[in-house]
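For reference, the structure is listed below as structure tokens.
The values are calculated or read from the model by the stated rules, or taken from the named source; none is laboratory data. All of these numbers come straight from a predicted model, not from anything done at the bench. We place every Cβ from the backbone using ideal geometry, glycine too, and count neighbours over all the protein chains shown.
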Amino acid sequence: MKNTHHTFTRRNFLRLAAITPLATALGNGFDETLWRSDDPALNLTITEALRRQKILIADGHHRYETMLALRDMLRAEYPDAPATASFNYAFMLLVDLHDPGLLVLPTYRLLSLTPQMREAFPRVAGAHFQLEHLGNLRPEQVNETLLRHGDEHAFLCYADNTYQLLTSPKTEKDGLPVLDVQVLQEQLIAPLLAADSTSAATVERNVRYTHDAADAMAAIDRDEAQAAIFLRGTPVPDVLTLAAAGIRLPQKSTYFYPKVPTGLVMYNLQPEVTAG
């Protein structure tokens, strides 16, 4: 994916910023400002800058698939609608993947373990990882601890008021990087679920997600789950590399940040509304 950040953003941002904003909103601790450009020359520049670019659906592929299904349904319901009917177009936020402010934050796993799974945990973890018992950790120490093991696959497990560090050598498959989330799913979570002989354990039933280390620790202390697994965020270059190779990432691999507030803009899908 070509970097258009320098060719478009710096050259044209001042022209866009000179327009009176349509709206501002407080996002996740920062201000969001929304402009609408009615400048044909600027719009043409944007169009030409994006014409030859590839779009990576980094977040929201389920919504995109739903939108396509809705489009097909509305086409059948309104066969006389023009080709420019709004429901024939996608409404999306485009972000420069090379922007240094773009982050992928980690998504922690909360595991609800059956007695069979709890019994199997030491065997499953020991089969694939080096295990090291740690002392008590504060939430802010979770990421610090994992970052010290950047040359390995590394995870922290909090269970029974005890912290364990799980590490294994970095790996590749067919010349492509293997992500921490892939290792976690294939070498720990999937075998644990399989250890329940009742076949009732599934990702949907036994795995929950959170982005907050303190919340994860508190959930374990309240016995709302039996183990919390902490991991690092997925590197943005690895997301691009695997997506370009056609590899679908495991569930909850990417939590892109910052997030845009919901409802800042709306899209009208009425058949009489046209785009462009």
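Does at least one position in the range 163-182 carry a residue that is under 30 Å from GLY246 (Cβ atoms), over 20 Å from the mean Cα position of the chain (by Cα), in a loop (DSSP other than H, G, I, E, B) and of a type in the set (Ser, Thr, Tyr)?
Taking the range 163-182 as the starting set, the residues that turn out to be under 30 Å from GLY246 (Cβ atoms) are 166-182.
Add one more test, that the residue is over 20 Å from the mean Cα position of the chain (by Cα), and what stays is 166-175.
Right, trim to in a loop (DSSP other than H, G, I, E, B) and you get 170-171, 174-175.
Those still in the list that are of a type in the set (Ser, Thr, Tyr) too: 171.
Checked the range 163-182: at least one residue is under 30 Å from GLY246 (Cβ atoms), over 20 Å from the mean Cα position of the chain (by Cα), in a loop (DSSP other than H, G, I, E, B) and of a type in the set (Ser, Thr, Tyr).
Could you give me the residue pairs with C-beta distances under 9 Å whose first residue belongs to the range 43-67 and is touching a residue at least 40 places away in the same chain (Cβ under 8 Å), whose second residue is among the β-branched types (Val, Ile, Thr) and not in a helix (DSSP H, G or I) wherever it lies, and which are 6+ apart or on separate chains?
Hits for this filter: ALA49/THR4; LEU50/THR4; GLN53/THR4; ALA58/VAL95; ALA58/VAL104; ALA58/THR254; ASP59/THR254.
Which residue, of GLU144, GLU140, GLU132, is part of a strand (DSSP E or B) and surrounded by fewer than 18 Cβ atoms within 10 Å (Cβ to Cβ)? Break it down stepwise before answering.
On the way: GLU144 fails: part of a strand (DSSP E or B); GLU140 fails: part of a strand (DSSP E or B).
It is GLU132.
Among residues belonging to the range 198-214 that are more than 19 Å from the chain's Cα centre (by Cα) and part of a helix (DSSP H, G or I), point out the one that is farthest from MET117 (Cα to Cα). Walk me through how you get there before you give the answer.
As a first pass, look at the range 198-214 and keep what is more than 19 Å from the chain's Cα centre (by Cα): 198-202, 205-206, 214.
Remaining after also requiring part of a helix (DSSP H, G or I): 205-206, 214.
Details: ARG205: 13, ASN206: 11, ALA214: 24 Å.
If we take residues in the range 198-214 being more than 19 Å from the chain's Cα centre (by Cα) and part of a helix (DSSP H, G or I), then ALA214 is farthest from MET117 (Cα to Cα).
Restricting the range 132-161 to residues that are of a type in the set (Gly, Ala, Ser) and at pLDDT below 90, which is farthest from ASP223 (Cα to Cα)? Talk me through it step by step, then tell me what you get.
Initially, the range 132-161 is screened for residues of a type in the set (Gly, Ala, Ser), giving 135, 150, 154, 159.
So of that shortlist, the ones also at pLDDT below 90 come out as 135, 150.
On the way: GLY135: 20, GLY150: 31 Å.
In this case the residue turns out to be GLY150.
Could you list all residues from the range 245-271 that are without any contact (Cβ under 8 Å) to a residue 40 or more places away in the chain and either surrounded by 12 or more Cβ atoms within 10 Å (Cβ to Cβ) or over 30 Å from GLU186 (Cβ atoms) (or both)?
Taking the range 245-271 and keeping what is without any contact (Cβ under 8 Å) to a residue 40 or more places away in the chain, we get 246, 248, 262-263, 266.
The answer is THR262, GLY263, MET266.
So which residues in the range 80-95 are over 22 Å from ILE46 (Cβ atoms) and touching a residue at least 24 places away in the same chain (Cβ under 8 Å)?
ALA81, PRO82, ALA85, PHE87
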